[in-house]
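S.K.: Just passing along the structure, written as structure tokens.
The values are calculated or read from the model by the stated rules, or taken from the named source; none is laboratory data. The model shown is predicted, which means the values in this text are computed figures rather than measured ones. Neighbour counts are summed over all protein chains in view; Cβ atoms, including those assigned to glycine, are modelled from backbone coordinates with ideal geometry. These accessible areas exclude ligands, DNA and RNA; they are computed on the full protein's heavy atoms, side chains included. Shrake-Rupley method; radii C 1.70, N 1.55, O 1.52, S 1.80 Å.
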Amino acid sequence: MDEEEIEKAVIAYLKKKGFKQTELAFQEEQHHKFSTIDNHSSSNSTDTEIARQILSFSSELGNNPAKYHEGYGKLRSWAYSSLDLYKHELVRVLYPVFIHCFMDLIAKGHIQEARNFFNNFHEDHEMMHSRDLQKLEGVLSPSHLEEMEFAHSLRQSKVNIKICQYSYDLLLQYLHKTQSITMLGLINEHINFQVSSGQPSSISDDADGFTLMGSGQDAANLINQREIHWGLLEDSLEDRMEKAGGLVPDSEKLDGEAKEGELEENKKRSLEGAKQGASLKKLKKDKVAGATGKASRVESSTVSVAPRVKPELTLPSIPAEVEHSILEDLRNRVQLSSAALPSVSFYTFINTHNGLNCASISNDGSLVAGGFSDSSLKVWDMAKLGQLTGYATSQVDDLSPNDSVLGPNSGRRLYTLFQGHSGPVYSATFSPFGDFILSASSDSTIRLWSTKLNANLVCYKGHNYPVWDVQFSPVGHYFASSSHDRTARIWSMDRTQPLRIMAGHLSDVDCLQWHANCNYIATGSSDKTVRLWDVQSGECVRIFIGHRSMILSLAMSPDGRYMASGDEDGTIMMWDLASGRCVTPLVGHTSCVWTLSFSCEGSLLASGSADCTVKLWDVTASTKVLKTEDNKVGTINRLRSLKTLPTKSTPVYALRFSRRNLLFAAGVLSKSA
């Protein structure tokens, strides 16, 4: 074997590993060597041995597909037989090794061996990575690896894996002891270990222990350095009320104190015998409630201290009667906290025959809408429904239109039927004042309906594929939509063409949410990322990476600083918009998180899931911990679950806090749940 062949083999190896500096140094050394030729016969055998090792590495990867099966099988057996303390960290390594073994076999043309490998080992990863595996299962040729964006991005990027020093040492010892060149090459090429000192992380941190890096993460880090203004709008109704004396006017406070004084005097006069004890107990309860209210007002001050920003969109004017109604709601808002949880009003759809796709509730809870697979949109007026005898206001009955469209003994419909779409309705949203409703459908259109006229006003066309979500802005007039075509679009009610098109996601845009100041829109996608977009420029200003499955729900805190996102696995993540960092994961749901909603003062977060529960989370405690531990590296901070509200058998489709802080929820009764 001549020296030129050895040199080529060494350079090929260094290029494959990405060791550019070593490659340059080696080439420089070769130039020096040839300029001063020496006859070192003793070194020939050593060089030949090195060349043999390098060439055997290349031939092993290229010509022996069985090495992948054998190497991965041994690594898997070793990881699962490790000590329990370190097992979960070592098992994290298996998934990226598995997918790259499979893709390497495909890339080298060993299609049948790749299928056998996939079928033998994919069950290990079904629970955590089922959607990824479904995509990879469709890769049947080397060309598919280039055409499929998901597979292409995996091969072009590295994976970050968090691991403690001892687990890392154990892995290195195993690889060197077994001399598994195939596994060693894959791990070096595709995994970046973030080694930490101390004890191994807990199993509950597995969602944070595995993230995609490389070109995608580098782009995210670059984008996340941009400045954003997360504050609230100047001269909002809340601002005006605070300047005038707070959400509860001083006159009302004085009236309340006077009435309370009169009430106490009357109680003192009537205290006799057994009644005296009962009255004293009630007075104590009133004092406790008063203290709780004061505490919750202190917690709710986070909204008032948020910075104020100017709107980037031209905001519509608010009618005087609507403004008066909103101010009345704000004056009567119940202050919530971890000690004062909200009342919940749950609307249950029955007899839907698996036809309900989505539900929406108006701001005051008076109207409830459902989007159905038969392309219809139905709206129930709770006030009218409550007047009908024999029907409870908490149950919405979707009856067959052929025989029971009319209410019993009333001659009126139980609901208002909106027809116009030519495909299933996947999303519906009420305008802030309840006078309009938008619906999005698989027919790729969005329709605007009037709840006053009970008629379709406009049909918006622009998307090329099914529209999964549509949301009115907090001020009305503007709305946003997300679609299977991987874009989100911003619209205004008076124009049939979109004002902005936001493209960048690698897969379906499944959900979206407006920021409180209307200057930003957040989108959640099947590519497992959440993006924040500037509505004026249409540019992406934040990318949030950390979820392990598709994003199904989003919510913005009332002060505009935080965002919550829920995914298909049941994980909820709280994000700081300014830094782009995950504040804390919320672990507790066992199935898809379909809806999220912050309370009006931002102290609580409600989540609704396909596991038939509503959970309430303590946001205030978490953000306080975040501020005190902001400079600490590796701080693990989790929101506290305050309460779990189970339903009998009703997956939760929609949640909404009213302006008075009553929590409305909606879902469909499911016999199979």
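This table checks each residue for (1) more than 23 Å from MET382 (Cβ to Cβ); (2) open to solvent by less than 30 Å² (accessible area, probe 1.4 Å).
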position: GLU312; (1), (2): yes, no
position: HIS324; (1), (2): no, no
position: VAL334; (1), (2): no, no
position: SER343; (1), (2): no, no
position: PHE349; (1), (2): no, yes
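S.K.: Could you check the range 542-570 and list, in sequence order, the residues that are open to solvent by 10 Å² or more (accessible area, probe 1.4 Å) and of a type in the set (Lys, Arg)?
M.R.: ARG548, ARG561
S.K.: To continue, here is another question. Please list, ordered by first then second residue, the pairs with beta carbon atoms under 7 Å, 6 or more apart or interchain, first in the range 105-120 and without any contact (Cβ under 8 Å) to a residue 60 or more places away in the chain and open to solvent by less than 40 Å² (accessible area, probe 1.4 Å), second part of a helix (DSSP H, G or I) and of a type in the set (Phe, Trp, Tyr).
M.R.: Taking only residues 6 or more apart or on different chains, the pairs are LEU105/TYR68; LEU105/PHE117; ALA114/PHE102; PHE117/TYR68; PHE117/PHE102; PHE118/PHE102.
S.K.: Over 30 Å from ALA220 (Cα atoms) and assigned to a helix (DSSP H, G or I) - does that describe any residue in the range 86-100? Spell out the reasoning first.
M.R.: Let us first name the residues in the range 86-100 that are over 30 Å from ALA220 (Cα atoms), namely 86-87.
After this cut, where a residue has to be assigned to a helix (DSSP H, G or I) as well, the list is 86-87.
For the range 86-100, residues over 30 Å from ALA220 (Cα atoms) and assigned to a helix (DSSP H, G or I): present.
S.K.: Let me ask another. Checking the structure you have, find out if any residue of the range 486-493 is within 19 Å of THR314 (Cβ to Cβ), of a type in the set (D, E, K, R) and touching a residue at least 60 places away in the same chain (Cβ under 8 Å). Can you show your working first?
M.R.: We begin by selecting, within the range 486-493, every residue within 19 Å of THR314 (Cβ to Cβ); these are 489-493.
Narrowing further to those that are of a type in the set (D, E, K, R): 489.
Next, only the ones that are touching a residue at least 60 places away in the same chain (Cβ under 8 Å) stay: none.
Among the residues of the range 486-493, not one is within 19 Å of THR314 (Cβ to Cβ), of a type in the set (D, E, K, R) and touching a residue at least 60 places away in the same chain (Cβ under 8 Å), which makes the answer no.
S.K.: Considering only the range 155-171, state which residues are open to solvent by 60 Å² or more (accessible area, probe 1.4 Å) and either within 25 Å of ASN64 (Cα to Cα) or touching a Leu at 6+ places or on another chain (Cβ under 6 Å) (or both).
M.R.: Result: ARG155, GLN156, LYS158.
S.K.: Which condition from (1) farther than 30 Å from GLU146 by Cα; (2) at pLDDT below 65; (3) assigned to a helix (DSSP H, G or I) is the one that ILE54 breaks?
M.R.: That leaves (1) as the condition not met.
S.K.: Follow-up. Just name the residue that is farthest from LEU662 (Cα to Cα) out of those in the range 571-609 that are touching an Asp or Glu at 6+ places or on another chain (Cβ under 8 Å) and open to solvent by 20 Å² or more (accessible area, probe 1.4 Å).
M.R.: CYS582
S.K.: I need the full set of residues from the range 624-641 which are surrounded by 17 or more Cβ atoms within 10 Å (Cβ to Cβ) and at pLDDT 60 or above, in order please.
M.R.: Selection gives LEU639 alone.
S.K.: Would you point out the residue of the range 141-154, among those that are hydrophobic (A, V, I, L, M, F, W, C) and open to solvent by less than 40 Å² (accessible area, probe 1.4 Å), that is farthest from HIS88 (Cα to Cα)?
M.R.: Pass one, the range 141-154, residues hydrophobic (A, V, I, L, M, F, W, C): 145, 148, 150-151, 154.
Then drop every residue that is not open to solvent by less than 40 Å² (accessible area, probe 1.4 Å), which leaves 145, 151, 154.
Numbers: LEU145: 30, ALA151: 25, LEU154: 22 Å.
Residue satisfying both the conditions and the ranking: LEU145.
S.K.: State whether the residues of the range 604-620 include one that is touching a helix residue (DSSP H, G or I) at 6+ places or on another chain (Cβ under 9 Å), part of a loop (DSSP other than H, G, I, E, B) and touching a residue at least 24 places away in the same chain (Cβ under 8 Å).
M.R.: no
S.K.: I'd like to check something: does the range 301-320 contain any residue that is closer than 24 Å to SER473 by Cβ, in a helix (DSSP H, G or I) and modelled with pLDDT of 80 or more?
M.R.: Checked against the condition, which is being closer than 24 Å to SER473 by Cβ, in a helix (DSSP H, G or I) and modelled with pLDDT of 80 or more, the range 301-320 yields at least one hit.
S.K.: Can you name the residue in the range 450-470 that is part of a loop (DSSP other than H, G, I, E, B) and in contact (Cβ under 8 Å) with a residue 12 or more places away in the chain and, of all such residues, is nearest to ASP381 (Cα to Cα)?
M.R.: This residue is THR451.
S.K.: Could you list all residues from the range 172-184 that are open to solvent by less than 10 Å² (accessible area, probe 1.4 Å) and either assigned to a strand (DSSP E or B) or over 14 Å from LEU90 (Cβ atoms) (or both)?
M.R.: Passing the criteria: only THR182.
S.K.: For GLU126, are the conditions met, namely being over 24 Å from ILE551 (Cβ atoms), touching a helix residue (DSSP H, G or I) at 6+ places or on another chain (Cβ under 8 Å) and open to solvent by 50 Å² or more (accessible area, probe 1.4 Å)? Before you say what the answer is, go through the steps one by one.
M.R.: Numbers: over 24 Å from ILE551 (Cβ atoms): no; touching a helix residue (DSSP H, G or I) at 6+ places or on another chain (Cβ under 8 Å): yes; open to solvent by 50 Å² or more (accessible area, probe 1.4 Å): yes.
It is false that GLU126 is over 24 Å from ILE551 (Cβ atoms), touching a helix residue (DSSP H, G or I) at 6+ places or on another chain (Cβ under 8 Å) and open to solvent by 50 Å² or more (accessible area, probe 1.4 Å).
S.K.: Name, by its number, the condition in (1) of a type in the set (A, V, I, L, M, F, W, C); (2) farther than 22 Å from ILE437 by Cα; (3) open to solvent by 10 Å² or more (accessible area, probe 1.4 Å) that does not hold for TRP533.
M.R.: Failing condition for TRP533: (3).
S.K.: A further question on this structure: So GLY109 ticks every box in (1) at positive phi; (2) in a strand (DSSP E or B); (3) not acidic (Asp, Glu) but one. Which box is left unticked?
M.R.: Of (1) at positive phi; (2) in a strand (DSSP E or B); (3) not acidic (Asp, Glu), only one is false for GLY109: (2).
S.K.: For the range 486-502, how many residues are assigned to a strand (DSSP E or B) and open to solvent by 30 Å² or more (accessible area, probe 1.4 Å)?
M.R.: Within the range 486-502, residues that are assigned to a strand (DSSP E or B) and open to solvent by 30 Å² or more (accessible area, probe 1.4 Å) number 2.
S.K.: Please enumerate the residues belonging to the range 67-84 that are of a type outside the set (Phe, Trp, Tyr), in contact with a helix residue (DSSP H, G or I) (Cβ under 9 Å, 6 or more places away or on another chain) and open to solvent by 60 Å² or more (accessible area, probe 1.4 Å).
M.R.: Within the range 67-84, LYS67, HIS69, GLU70, LYS74, ARG76, SER81, LEU83 qualify.
S.K.: From the set of residues in the range 129-140 that are touching a helix residue (DSSP H, G or I) at 6+ places or on another chain (Cβ under 7 Å) and touching a residue at least 24 places away in the same chain (Cβ under 8 Å), which is most open to solvent (accessible area, probe 1.4 Å)?
M.R.: My answer is LEU140.
S.K.: May I ask you to list the residues in the range 160-177 that are in contact with a Phe, Trp or Tyr (Cβ under 8 Å, 6 or more places away or on another chain), of a type in the set (S, T, N, Q) and closer than 18 Å to LYS74 by Cβ?
M.R.: SER167
S.K.: Among the numbered criteria (1) in a loop (DSSP other than H, G, I, E, B); (2) open to solvent by 10 Å² or more (accessible area, probe 1.4 Å), which one does GLN513 miss?
M.R.: (1)
S.K.: For the range 654-673, which residues satisfy the criterion of being in contact with a strand residue (DSSP E or B) (Cβ under 8 Å, 6 or more places away or on another chain) and either open to solvent by less than 50 Å² (accessible area, probe 1.4 Å) or within 15 Å of LEU341 (Cβ to Cβ) (or both)? First the steps, then the outcome.
M.R.: So the first thing to find is which residues in the range 654-673 are in contact with a strand residue (DSSP E or B) (Cβ under 8 Å, 6 or more places away or on another chain), and the list is 654-658, 662-669.
Listed by number, the residues that qualify are ALA654, LEU655, PHE657, SER658, LEU662, LEU663, PHE664, ALA665, ALA666, GLY667, VAL668.
S.K.: Would you mind stating whether THR429 is modelled with pLDDT of 95 or more, out of contact with any Asp or Glu (no Cβ under 8 Å at 6 or more places or on another chain) and more than 14 Å from LYS378 (Cα to Cα)?
M.R.: The answer is no for THR429.
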